[in-house]
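To keep things clear, I will list the structure first and then write my remarks on it.
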Amino acid sequence: MLQSLKTRKWLGDGATYAILTVGACAILLPFAWMISTSLKEPSQVFIFPPRWIPKPVVWRNYIDALTALPFTRFFQNTLTILFLCLVGELLSCSLVAFSFARTRWRGRDVCFVLLLSTMMLPRQVTIIPLFVLFRQLNWIDTFLPLVIPAWFATNAFYVFLLRQFYMTIPLELDDAARIDGCTLWGIYWRIIVPLSKPVLIAISVFSFQTHWNEFFLPLIYLNSTSKFTIALGLQSFKGMYETEWTLLMAASFTCMIPLLVIFYVAQKHFVQGVVITGVKG
């Protein structure tokens with residue numbers, strides 16, 4: 001009987017790992033094609049059957065891809081927008097979530113439901129009135145339309161994650177802090193924020209990925225090449241009649257490296273923050 005259970009467990013584990021391996025290969029296949037294409041000559045991109053190992057290996061594609069356009073400037077623009085948005089989202093969303101989770105006021109739950117309902121509203125619906133507003137403010141072709149909204153807790157998903165995490169922190173900590181003379185701001189800054197490291201890191205990873213890959217909003221608001229982000233720079237490799245696939249793949253892989261590094265470094269806290277937010281709510 002015991003041997004039969006061990007056999008079933010071994011077969012079950014083997015089937016699980018086999019399915020996961022197949023899924024991982026399916027996910028990594030486009031990534032492998034991107035790396036392979038980035039090292040090929042243009043004439044070898046669409047040959048059939050595909051040649052996965054380039055012959056010859058053209059390392060020059062990476063140099064040409066990053067020098068064909070001012071990618072250094074694109075990196076600087078993207079990092080500037082990303083940093084300002086990250087700081088704004090962490091500060092504003094954490095304050096709003098603190099209000100929803102740790103304070104009592106009339107209409108709190110109704111406002112929270114209304115906030116969550118904005119997640120079901122496609123941003124394409126609001127892009128026209130926002131564009132008109134920002135044009136009246138003379139913000140078009142500047143970074144302001146991309147940065148300023150982040151300082152007003154416009155991302156309901158981040159507020160929801162933070163609120164769920166804050167509700168897992170015992171309210172007795174707030175009462176003890178008040179007895180010691182701590183203000184509401186002190187409770188937030190000295191107690192809640194230090195305990196929220198996992199979820200703040202998770203949101204930082206989400207925000208980094210979102211703003212690093214953002215294409216739609218910069219395309220709408222930015223007109224000058226000197227203000228382009230990385231996503232707009234990559235789009236420049238796609239012409240009206242042809243696409244420089246080797247340079248596009250080389251530049252895309254180079255731009256993907258920071259995301260891979262960030263996730264690898266923060267993956268422990270990222271997973272922990274996402275898991276803990278679902279414990280109570």
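Bear in mind that the values in this text are calculations on the coordinates, not laboratory data. Predicted model, so just to flag it, every value in this text is computed and none were measured. Please note: Cβ atoms are built from the backbone with ideal geometry, for glycine as well, and neighbour counts cover all protein chains shown.
Using the alpha-carbon atoms, what tilt in degrees (0 to 90, nearest 10) does helix 197-213 show relative to the longest principal axis of the chain? Computed tilt is about 40 degrees.
Seen through its C-alpha gyration tensor, with square-root eigenvalues sorted a ≥ b ≥ c, region 158-224 comes out prolate because a/c lies at 1.5 or above while a/b is bigger than b/c. Under a model in which nothing but the beta-carbon of Lys, Arg (+1) and Asp, Glu (-1) is charged, region 66-276 shows a dipole of about 280 debye around its Cα centre. Go through Gln44, Gln124, Val96 and say which Cα lies farthest out towards the positive end of the charge dipole of the chain; charges sit on Cβ, +1 for Lys and Arg, -1 for Asp and Glu. Sorting the options by dipole projection puts first Val96.
Entry note, the chain: relative contact order of 31 percent, from Cα contacts under 8 Å with a spacing of 6+ residues. Considering only Val147, Leu222, Phe31, and ranking their Cα positions along the charge dipole of the chain that arises from unit charges at the beta-carbon of Lys, Arg, Asp and Glu, the one farthest toward the positive end is Phe31. Considering the chain as a Gaussian network with a 10 Å cut-off on Cα pairs, which listed residue, Ala177, Ala26, Ala202, attains the greatest mean-square fluctuation? Checking each option, the largest mean-square fluctuation is seen for Ala26.
Within the set (1) 218; (2) 207; (3) 166, the number that volume of the Cα convex hull per residue in Å³ takes when calculated for this structure is listed as (1).
On a 0 to 90° scale, report how tilted helix 108-117 is relative to the longest principal axis of the chain, with both axes built from alpha carbons and the result rounded to the nearest 10. Approximately 10 degrees, to the nearest 10.
For the peptides 208-216, 115-123, 96-104, 53-61, the ranking by mean Cβ contacts within 10 Å, running from highest to lowest, is 96-104, 208-216, 53-61, 115-123. For the chain, the longest principal axis of the alpha carbon atoms and the long axis of helix 245-276 meet at an angle near 30°. The phi torsions of region 19-30, fed into the Karplus equation with coefficients 6.51, -1.76 and 1.60 and a -60° offset, translate into couplings of 5, 5, 5, 4, x, 4, 5, 5, 6, 7, 4, x Hz, rounded to whole numbers, with Gly and Pro shown as x. Charged side chains reduced to their Cβ positions (Lys and Arg at +1, Asp and Glu at -1) give region 25-97 a dipole of some 280 debye around its Cα centre.
Here the label points at Arg73 and Met167, each 7 Å from Cα along the C-beta direction, are separated by 4.8 nm in the simple model.
With the charge dipole of the chain set up from +1 on Lys and Arg Cβ and -1 on Asp and Glu Cβ about the Cα centre, the Cα lying farthest toward the positive end among the listed residues Gly12, Ile192, Ser207 is that of Gly12. The count of lysine pairs in the chain that are at least 8 places apart or cross chains, and whose C-alpha atoms lie under 23 Å apart, stands at 6.
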